[in-house]
Amino acid sequence: MTESIYGEYGDRLFDVLNDIKTRFKEIDDRYFEDRGEHKIEHISARIKSEESMRDKCIRKGLPPTTESALGILSDAVGVRVVFSYVDSIYEMIEEIRKFPDCRIIREKDYIRHAKPNGYRSYHLILELTEPFPDCMGNERGKYLVEVQLRTIAMDSWASLEHQLKYKKDIKNEELIVSELKRCADELAACDVSMQTIKDLIDGNL
Ligand code: 0O2
């Protein structure tokens, strides 16, 4: 049997995943206690499969080792937090900045700066300090986590586009790409309208 690319740290990744999920859930619970409504629509989280991680190392020209998977690549642990409204994403980012034992390593705002294909999401790479060792020899381990923050509309577009990307022998590819872009822009316009409706209901406008 091939040894795990995550070495002896595979189980620890689940602890990291629970840590980050709990942090988001606690914020949402506090918000619910104060306001009687949830900020987060749902959270999905995953550990990247061994096979995908090995493929990614090779694609990036890295040796498929634990050090590459956990010390260089940053998406062994991934969490996607889905919100009903765009403003909640930016409010959550301010909460993330206050997380203890957490450093923001990288941020990409694909909401204000959508990708050319229409993809929208806010991405962060966090470095969490945990009470257990890591593969770099730190007693208080440093683990990278990829966080994607999106609205429901952005999430539904991304999952459909992801499915289509892997379909083979697509005819009319150019048309499909431009139709997907049109849908993404229409959904973004809906997100703006939904935010306005929410602000009107809350008496903020
Ligand atoms: P999976 O299966 O979701 O994990 P990287 O590609 O990670 O080396 P990069 O380019 O800095 O580095 O990453 P970026 O742009 O922050 O995006 C990484 C992840 O965002 C992707 O992970 C997707 O989940 C999502 N993503 C980015 N662009 C698109 C897009 O155009 N369409 C969709 N549907 N998702 C996107 P993976 O590893 O590709 O896949």
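Got a sec to turn the phi values of the stretch 197-203 into Karplus ³J(HN,Hα) couplings, 6.51 cos²θ - 1.76 cosθ + 1.60 with θ = phi - 60°, whole Hz, x for Gly and Pro?
Whole-Hz 3J(HN,Hα) from phi for the stretch 197-203: 4, 4, 5, 5, 4, 6, x.
Provide the per-residue ³J(HN,Hα) series for the stretch 56-65, in order, calculated from phi with Karplus coefficients 6.51, -1.76, 1.60 and θ = phi - 60°, each as a whole number of Hz, with x at glycine and proline positions.
5, 4, 5, 4, 8, x, 9, x, x, 10
Give me the percent of the accessible area of the stretch 63-192 that comes from carbon and sulfur atoms, probe 1.4 Å, all protein chains in place. Could you put the intermediate results ahead of the total?
Values: 3780 of 6990 Å².
Roughly 54 percent of what the probe reaches on the stretch 63-192 is carbon or sulfur.
Past the 23 angstrom mark, what percentage of all C-alpha to C-alpha distances in the stretch 97-205 do you count?
50 percent
Take the chain, connect every pair of alpha-carbon atoms lying under 10 Å apart with a spring to form a Gaussian network, then pick out the residue of E67, E51, E130 with the largest mean-square fluctuation.
E51
Anything over 20 Å Cα to Cα? Flag those among K25/K198; K21/K165; K115/K181; K108/K198, in the order listed.
Listed pairs above 20 Å: K25/K198; K21/K165; K108/K198.
What does the stretch 57-148 give for Rg and for Dmax, in Å, if only its C-alpha atoms count?
That works out to 15.0, 43 Å for Rg and Dmax.
Calculate, for the chain, the solvent-accessible area per residue in square angstrom, rolling a 1.4 angstrom probe over the heavy atoms of the protein chains. Walk me through the intermediate numbers first.
Numbers: 12090 Å² over 205 residues.
In whole numbers, the chain has 59 Å² accessible per residue.
Could you tell me the calculated FRET efficiency between E51 and V177, based on Cβ-Cβ distance and R0 = 25 angstrom, to the nearest 0.05?
Approximately 0.35, to the nearest 0.05.
Want the number for D199 to I125: 0.36 nm per residue separation, take away the alpha-carbon distance, what's left? Before the final figure, lay out the partial values.
Numbers: separation 74, 0.36 × 74 = 26.64 nm, distance 3.01 nm.
Result: 23.6 nm gained on full extension.
Give me the percent relative contact order of the stretch 1-108, please, defined on Cα pairs under 8 angstrom at least 6 residues apart. Intermediate results must be reported in sequence, preceding the final value.
Values: 91 pairs, mean separation 33.6, N = 108.
With pairs under 8 Å counted, the relative contact order is 31 percent.
Using the Karplus curve 6.51 cos²θ - 1.76 cosθ + 1.60 with θ = phi - 60°, what ³J(HN,Hα) values do you get for each residue of the stretch 23-32, in whole Hz, with x for Gly and Pro?
Each residue's phi maps through the Karplus curve to give 4, 5, 5, 5, 5, 5, 4, 4, 4, 5 Hz.
For the chain, give the magnitude of the charge dipole about the Cα centre (Cβ charges: +1 Lys/Arg, -1 Asp/Glu; no others), in debye to the nearest 20.
My answer is approximately 660 debye.
Report the one residue of F132, A158, A189 whose Cα lies farthest in the direction of the positive end of the charge dipole of the stretch 119-198 (charges on C-beta: Lys and Arg +1, Asp and Glu -1; origin at the Cα centre).
Farthest towards the positive end: A189.
Name the residue, out of K165, K181, K98, whose mean-square fluctuation peaks in a Gaussian network model built on the chain with Cα pairs under 10 Å.
Looking only at K165, K181, K98, the largest GNM fluctuation is found for K165.
With N residues in the chain, what two-decimal value do you get for its Cα radius of gyration over 2.2 N^0.38 Å?
Here the Cα radius of gyration is 1.14 times the empirical estimate.
With a Förster radius of 45 Å, plug the Cβ-Cβ distance of E41 and E3 into 1/(1 + (r/R0)^6) and report the FRET value to the nearest 0.05.
0.70
Can you list residues from other chains, or at least 5 along the same chain, whose modelled amide H is less than 5 Å from the amide H of E41?
V82, F83, S84
Just to be sure I understand the model, the point goes 7 Å from the Cα along the line to the Cβ. What's the resulting T22 to D101 distance in nm?
It is 0.9 nm.
Mind listing the long-range amide H neighbours of I111? Cut-off is under 5 Å, sequence gap 5 or more, other chains count too, H placed in the peptide plane at 1.01 Å from N.
When sequence neighbours closer than 5 places are left aside, the close amide H contacts are S121.
Using only DSSP helix segments of four residues or longer, with each worth -39500 (n - 2.57), what per-residue ellipticity at 222 nm results for the chain after dividing by its residue count and rounding to 500?
Working: 5 runs with 91 residues, N = 205.
Using -39500 (n - 2.57) per qualifying helix, the result is -15000 deg cm²/dmol.
So for the chain, averaging the separation of alpha carbon pairs under 8 Å that are six or more residues apart and normalising by length, what relative contact order in percent results? Don't skip to the answer; put the middle values down first.
Numbers: 287 pairs, mean separation 39.2, N = 205.
Worked out over the chain, it gives 19 percent.
The values are calculated or read from the model by the stated rules, or taken from the named source; none is laboratory data. Keep in mind that this is a model prediction, so the values were computed, not measured. In this analysis, Cβ positions are derived from the backbone assuming ideal geometry, glycine residues included, and neighbour counts consider all displayed protein chains. Areas reflect the complete protein model, heavy atoms only, side chains present, ligands, DNA and RNA absent. Shrake-Rupley method; radii C 1.70, N 1.55, O 1.52, S 1.80 Å.
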